[in-house]
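Q: If you scroll down you'll find the structure; I have some questions about it.
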Amino acid sequence: MLQIEQDHHRFRQIVRGKIRQNLRKYMSQSELIGRKGKQLVSIPVPQLDVPHFRYGEKGSGGVGQGEGEVGTPLGPGQGQQDGPGQAGSEPGEHMLEVEVSLEELAQLMAEELELPRIQPKGQDSIHEEKYRYNTIRSTGPESLRHFKRTYLQALRRQVASGTYDPRRPRVVPFREDRRYRSWTVTREPMANAAIIYMMDVSGSMTDEQKRIVRTEAFWIDTWLKSQYEGVQRRYVIHDAVAREVDEETFYRTRESGGTRISTAYEVCLQLIRQHYPPEQWNIYCFQFSDGDNWGEDNRRSIRLLREQIAPQVNLFCYGQVESPYGSGDYLRALESAVVPYHDNVLTSQIPDEEAIYDSIRTFLGKGK
Amino acid sequence: MRLQQAVENQLAPLTLPLAAPVKVRATAGREQAVVELVELDRLGASVQRVTVASPVLATVELESLRRLGDHLAQQLCYLLEPLRVIECDPEGHTVQMRSVQPHRQGQDRYFYELWLRRGGELELLRWHTEPAAGIKEQVPMQLTREILLRLVGDLEQAIRLVEQESG
């Protein structure tokens with residue numbers, strides 16, 4: 001390993017350590033999501049102090065100024081006095097932005113939260129055809145011509161036919177010398193995952209709560225993407241009625257309708273029926289609400305979850321965020337009527353951004 | 001006779017203090033008020049629920065209920081927690097109003113909730129929540145007699161407005 005590589009490796013270790021140390025803070029910050037690129041996230045970490053020269057003020061005396069003999073001790077520069085106030089005890093707020101891949105971030109999160117790796121189901125039932133360019137053929141498109149192999153073949157032919165002169169090593173490929181890169185097809189078992197997010201966007205859910213949901217969803221996404229190759233995400237919003245929407249609408253919409261959680265469950269079931277047969281897909285449902293479900297709907301919602309959704313999915317997670325009016329009673333209803341009967345139904349209360357960390361640990365800590 | 005007067009008449013003969021919670025019913029024309037009293041004295045009342053029902057609300061449209069909500073939001077200023085329309089359910093033709101800023105007392109939160117329902121009644125409740133302890137419970141409203149009667153009067157008046165609107 002080269003010295004620079006060692007240094008770089010050491011630097012990455014330090015950065016990883018800093019990120020791990022502050023992971024709880026990062027996980028509760030929604031602004032981190034704004035720094036997300038396609039594969040990388042830019043994270044501000046406290047700057048690492050590198051020793052550097054500090055220059056004194058010009059003309060204020062100091063080293064190498066004035067007359068003197070060898071061995072004369074240097075006096076202090078002029079005009080040097082203690083300033084008012086005392087030195088601070090806290091480190092300076094120098095921030096350094098480092099780019100971390102989503103995969104690395106997921107790994108850090110897993111280490112910090114002690115998340116077990118997920119055991120996918122349905123691996124044997126779906127196969128995916130994968131194309132690998134790992135063979136050579138004598139025919140193919142010119143764009144795939146393998147020059148090295150072509151010249152090697154030409155050389156071989158010339159040597160065999162005695163036309164190769166080592167003193168004038170000219171190799172001229174003929175048409176039949178040409179070699180092309182080619183592929184083989186392999187069938188590999190595939191484990192795919194679908195995440196269905198459901199969010200209450202009724203009038204009692206404020207922007208603050210949506211920000212919490214967005215932050216939590218980002219981390220859940222990051223983790224599940226690191227566990228499965230193909231993760232499909234679907235978004236359902238509801239007030240008194242539910243509909244499937246795109247990601248942007250999911251986080252931005254605010255409705256003023258009533259709250260009927262059962263409508264979201266119906267759309268979720270419809271998605272599962274139409275697109276994600278449970279025997280072939282790993283299905284994860286994450287639902288977020290302030291729990292203020294309108295009275296009579298609790299019974300219907302619980303029946304749908306208990307009898308239809310929970311038996312079909314790997315994991316059903318319900319996160320109850322806190323509205324200005326406190327938390328609704330849906331969480332308690334779930335905890336008494338569903339959680340004892342299905343160990344894949346998990347609940348967590350998320351009163352503020354600080355609670356996201358523990359909520360994620362609750363949701364993903366089962367390794368389902 | 002107005003509903004406000006009818007409720008006052010029903011309160012007058014009650015023996016104070018109340019030995020047990022009482023449900024006071026009063027009728028004026030087609031409107032009916034139900035006041036669930038937990039306690040009552042010469043000055044004030046502890047009220048679990050106030051309901052004003054009217055056949056006028058039997059077939060009312062959601063939009064009218066929303067306007068009714070906006071009207072009540074302006075009228076019921078004396079509850080000291082301004083109410084606002086929070087949710088409207090087009091399926092159930094129901095409007096939910098709540099205190100805009102719930103009253104906070106440490107970890108506890110208190111707020112009014114007013115339901116406007118097609119079918120039809122107006123119902124005022126008060127809730128106490130303590131999220132950390134997972135508590136959400138209905139609690140009595142503490143109102144003076146004057147405020148209680150004014151409240152019944154304003155709810156009745158609001159229903160009359162809906163009636164006028166629908167012709």
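Read-outs: derived from the displayed coordinates by stated rules, not from any lab. Please read these numbers as outputs of a predicted model, since none were measured by experiment. So basically every Cβ, Gly included, is an ideal-geometry build from the backbone, and we count neighbours across all protein chains shown.
Q: Hey, which of these cross-link pairs are over 32 Å Cα-Cα: A:Lys25/B:Lys136; A:Lys18/A:Lys210; A:Lys130/A:Lys210; B:Lys23/B:Lys136?
A: On the way: A:Lys25/B:Lys136 30 Å; A:Lys18/A:Lys210 28 Å; A:Lys130/A:Lys210 39 Å; B:Lys23/B:Lys136 23 Å.
Beyond 32 Å: A:Lys130/A:Lys210.
Q: Which order, highest average first, do A:330-341, B:82-93 follow once you tally other Cβ atoms within 10 Å for each residue and take the mean per peptide?
A: Per-residue mean Cβ counts within 10 Å order the peptides as B:82-93, A:330-341.
Q: Same structure again: Give the order of A:Arg254, A:Arg10 when sorted by the count of other beta carbons within 10 angstrom, beginning with the fewest.
A: Values: A:Arg254 13, A:Arg10 10.
With the fewest neighbours first, A:Arg254, A:Arg10 line up as A:Arg10, A:Arg254.
Q: Once you place label points 7 Å from the Cα toward the Cβ at A:Asp7 and B:Gln138, how far apart are they in nm?
A: 7.3 nm
Q: Shifting gears a bit: If R₀ is 22 angstrom, what is the calculated FRET efficiency for the pair A:Glu307 and A:Glu335, using the beta carbon separation as r and rounding to 0.05? Don't skip to the end; give the middle numbers.
A: Numbers: r = 17 Å, r/R0 = 0.79.
With R0 = 22 Å, the Cβ-Cβ based efficiency is 0.80.
Q: Amide H neighbours of A:Gln287 under 5 Å, counting only residues 5+ apart in sequence or on other chains, H built in-plane at 1.01 Å?
A: Those qualifying (amide H under 5 Å, at least 5 residues apart or on another chain) are A:Met198, A:Cys317, A:Tyr318, A:Gly319.
Q: When the chain is fully extended, how far beyond the present Cα-Cα distance does A:Arg117 get from A:Arg211, taking 0.36 nm per residue of separation? It would help to have the intermediate numbers written out before the result.
A: Details: separation 94, 0.36 × 94 = 33.84 nm, distance 2.73 nm.
Once the chain is fully extended between A:Arg117 and A:Arg211, it gains 31.1 nm.
Q: With a/c under 1.5 counting as rounded, go ahead and sort segment A:192-364 into rounded, prolate or oblate using the C-alpha gyration tensor (a ≥ b ≥ c being the square roots of the eigenvalues; past the cut-off, prolate if a/b is larger than b/c, else oblate). Intermediate values should be presented prior to the final figure.
A: Working: a/c = 1.32, a/b = 1.18, b/c = 1.12.
Taking the square roots of the gyration eigenvalues as a ≥ b ≥ c, segment A:192-364 is rounded.
Q: Sticking with this structure for a sec: Points 7 angstrom from Cα along the Cβ direction at B:Leu18 and B:Arg84: gap in nanometres?
A: Once both label points are built, they end up 3.2 nm from each other.
Q: Rounded if a/c is under 1.5, else prolate if a/b is larger than b/c, else oblate: which is chain B, with a ≥ b ≥ c the root eigenvalues of its Cα gyration tensor?
A: Numbers: a/c = 1.93, a/b = 1.06, b/c = 1.81.
Note, shape of chain B comes out oblate.
Q: Between B:Asp70 and A:Arg181, what is the FRET efficiency for a Förster distance of 60 Å, r being their Cβ-Cβ separation, to the nearest 0.05?
A: E between B:Asp70 and A:Arg181, to the nearest 0.05, is 0.25.
Q: Residue by residue through segment B:80-97, which ³J(HN,Hα) values in whole Hz follow from phi under the Karplus form 6.51 cos²θ - 1.76 cosθ + 1.60 (θ = phi - 60°), with glycine and proline marked x?
A: 6, 10, x, 9, 8, 5, 9, 9, 10, 9, x, 6, x, 6, 9, 10, 10, 10
Q: Working out 0.36 nm times the residue gap between A:Glu229 and A:Glu354, then minus their Cα-Cα distance, what length gain in nm do you get to one decimal?
A: Working: separation 125, 0.36 × 125 = 45.00 nm, distance 3.00 nm.
Full extension from A:Glu229 to A:Glu354 adds 42.0 nm.
Q: Would you mind getting me the FRET efficiency between A:Arg137 and A:Tyr164? Use the beta-carbon distance for r and R0 = 22 Å, nearest 0.05.
A: Values: r = 25 Å, r/R0 = 1.12.
E(calc), rounded to 0.05, equals 0.35.
Q: Can you pull the mean other chain C-beta count within 10 Å for peptide A:195-202?
A: Details: counts 0, 0, 0, 0, 0, 0, 0, 5.
Mean inter-chain Cβ contacts per residue within 10 Å come to 1.
Q: Tabulate in residue order the Karplus-calculated ³J(HN,Hα) for segment A:319-326, using 6.51 cos²θ - 1.76 cosθ + 1.60 with θ = phi - 60°, rounded to whole Hz; enter x for Gly and Pro.
A: x, 9, 8, 9, 8, x, 8, x
Q: Given contacts defined as C-alpha pairs under 8 Å and at least six residues apart, what's the relative contact order of chain B, whole-number percent? Before the final figure, lay out each step's value.
A: Details: 354 pairs, mean separation 38.2, N = 167.
That works out to 23 percent.
Q: In addition: How high is the relative contact order of segment A:127-187? Use alpha-carbon pairs under 8 Å, at least six apart in sequence, and give a whole percent. Let's see the in-between values first.
A: Working: 90 pairs, mean separation 37.7, N = 61.
Dividing the mean separation by the residue count of segment A:127-187 yields 62 percent.
Q: Beta carbons within 10 angstrom, averaged per residue: use that to sort the peptides B:26-33, A:146-153, highest first.
A: On the way: B:26-33: 17.4, A:146-153: 15.0.
Order by mean packing, descending: B:26-33, A:146-153.
Q: Which values of log₁₀ I(q)/I(0), to two decimal places, follow from the Debye formula for segment A:237-280 at q = 0.21, 0.28 Å⁻¹ with a uniform point scatterer at every Cα?
A: -0.73, -0.99
Q: Applying the Karplus parametrisation 6.51 cos²θ - 1.76 cosθ + 1.60 with θ = phi - 60° to the phi angles of segment A:138-149, what ³J(HN,Hα) value in whole Hz is obtained for each residue in order, glycine and proline being reported as x?
A: Values per residue, Gly and Pro as x: 8, 10, x, x, 4, 5, 9, 5, 9, 5, 4, 5 Hz.
Q: To continue, here is another question. Under 5 Å between amide H atoms, partner at least 5 residues away or on a different chain: which partners does A:Gly230 have, H built in plane at 1.01 Å?
A: Sorted by chain and number, the residues that satisfy this are A:Ala193.
Q: Can you pull the mean other chain C-beta count within 10 Å for peptide A:317-328?
A: Details: counts 0, 0, 0, 2, 0, 4, 6, 9, 13, 17, 7, 3.
Per-residue shielding by partner chains comes out at 5.
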